[in-house]
Amino acid sequence: MTDLLIKNAKCLDGRRRTIWIEGDKIAGITDASKGHGGADRELDAERLLVMPGLCNAHTHAVMSLLRGVGEGMELVRWLDELIWPLEARMSDRHLRAGMALGCLEMVRTGTTLFNDMYFREGMLAGTVAGAGLRAVLGEGFMDQNDEERREQTIERTLASCKAIEELGDPRITGAIAPHSIYTVSREGLIWCAEEARRRICPLHVHLSETAEEVGSCMRRWGRSPPALLAELGLLGPRTVAAHCVHISEDDIALLSRSGASVSHQPSSNMKLSVGGQMPYPALSAAGTNCCLGTDSAASNDSLDMFQAMRAASHLCRHGFGAGSIIAQEVLNMATVNGYRALGLDGGVLREGALADLILLDLDHCSMVPGNDLVSKVVHSASGDTVRYSIIAGKVVMDDGKVMNEAAVKKEASMMARDLIGGELDGR
Ligand SMILES: [Zn+2]
């Protein structure tokens with residue numbers, strides 16, 4: 001029995017097809033004319049575009065609660081003086097409110113899978129499950145070279161992985177997430193590499209985001225951040241390295257040989273002025289799997305992956321020339337490449353793949369005229385164009401409506417006011 005039938009939807013190649021979904025998988029795709037009878041629900045998609053759901057390959061969803069904080073500051077001061085002190089004051093209720101807000105924004109804007117790094121992820125997994133999203137959650141590992149902190153962080157990481165396993169939701173899995181080479185000791189990094197190998201799970205790390213990070217790594221260890229990670233066993237096919245802005249030709253060769261994926265966060269990089277951009281053309285030519293993320297709403301300030309696609313395309317063309325990236329490559333970064341990086345068969349419309357799909361309003365101004373749909377999706381559509389989000393076969397946004405939206409926004413406003421102060425929230 002088909003659970004959901006999407007009838008007569010326009011696909012990115014301009015052709016109309018009917019898609020049927022059973023459980024959490026795409027059970028079949030056929031030409032519109034052939035049809036398929038007998039489904040729990042039929043969705044007439046005559047005026048809709050169907051496409052794979054988007055994967056946000058690097059974010060910190062809770063930080064939606066800190067959206068807009070520290071406007072105009074550069075990365076190191078922004079983290080040291082503002083973000084880390086605020087994070088230290090967050091209670092479980094603040095964290096849940098931030099995660100619910102982040103999930104709401106992602107569902108509304110077509111993200112079906114996200115790769116998250118934060119604290120208390122085990123506790124937050126229930127909030128993510130309640131929002132209906134698919135996610136890989138990594139407990140942020142930071143020991144700041146302190147042995148006592150390392151032991152506590154290891155305990156926290158193991159507890160988080162256990163809580164995610166006990167939740168038993170197939171949409172939500174754990175990752176090991178060493179924050180970066182500048183916040184984790186050598187011993188901590190080695191522990192993370194071994195634990196990720198033991199669990200056969202993704203390893204999520206920030207890498208070569210600023211020139212300062214690279215310079216201090218060279219001075220301290222006599223090698224670049226990717227070379228240090230490779231030496232300590234952290235680079236492999238299940239690694240997702242976020243940023244990779246300041247990398248050399250040798251680093252690119254190393255990343256490509258290791259099979260690691262890199263995640264590009266163009267908006268965050270530009271806003272925090274990290275002094276460069278991820279060299280997409282060289283990474284892509286070397287065969288590296290490049291995906292796309294937003295980073296947090298505190299440094300972006302949006303989790304809308306359509307904005308991320310547009311920024312990635314514009315920034316790459318600005319830096320490397322008009323032909324340096326085409327719309328289809330950007331779309332792949334935001335869909336199938338992200339799923340692949342996280343070891344999931346999704347981000348693609350294919351029989352047997354995960355039923356994570358979104359439907360866009362073809363009557364939205366940004367989609368008119370209706371030619372070259374891939375370019376429209378990458379360059380003119382926005383999260384507002386999305387009408388339906390289907391994740392693991394469930395309709396999570398239904399004709400623009402998401403469950404509990406008002407309650408999620410009210411709680412987030414209240415918790416942000418409590419944490420930061422009333423001046424940041426007009427309501
Ligand atoms: Zn980040």
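Each value in this text was obtained by applying a stated rule to the coordinates, not by laboratory testing. Since the structure is predicted, the reported quantities are computational estimates derived from the model, not experimental observations. Every residue, glycine among them, receives a Cβ derived from its backbone with ideal geometry; neighbour counts consider all protein chains shown.
So the values come out like this:
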read-out: Gained length - Arg257 relative to Arg15, 0.36 nm times residue gap less alpha-carbon distance; value: 83.3 nm
read-out: Nitroxide proxy distance, nm - points 7 Å out along Cα→Cβ at Met1 and Arg89; value: 5.3 nm
read-out: At 0.692 mPa s and 37 °C, Stokes D of the chain from Kirkwood alpha-carbon radius, µm² per second; value: 151 µm²/s
read-out: Alpha-carbon radius of gyration plus Dmax, which is the widest Cα pair, for the stretch 246-372 in Å; value: 15.4, 48
read-out: Pairwise Cα inverse-distance average, inverted: Kirkwood Rh of the stretch 175-251 (Å); value: 12.3 Å
read-out: 0 to 90° range, to nearest 10: angle between helix 249-258 axis and the chain longest Cα axis; value: 60 degrees
read-out: Volume per residue that the Cα convex hull of the stretch 110-209 spans, once the total is divided by residue count, Å³; value: 92 Å³
read-out: Relative contact order %, the stretch 91-171, counting alpha carbon pairs below 8 Å whose residues are six or more apart; value: 30 percent
read-out: Of Lys162/Lys271; Lys25/Lys376; Lys25/Lys162; Lys25/Lys401, those spanning more than 29 Å from alpha-carbon to alpha-carbon; value: Lys162/Lys271
read-out: Rough spin-label spacing in nm, given labels placed 7 Å along Cα→Cβ, for Thr30 and Trp221; value: 5.5 nm
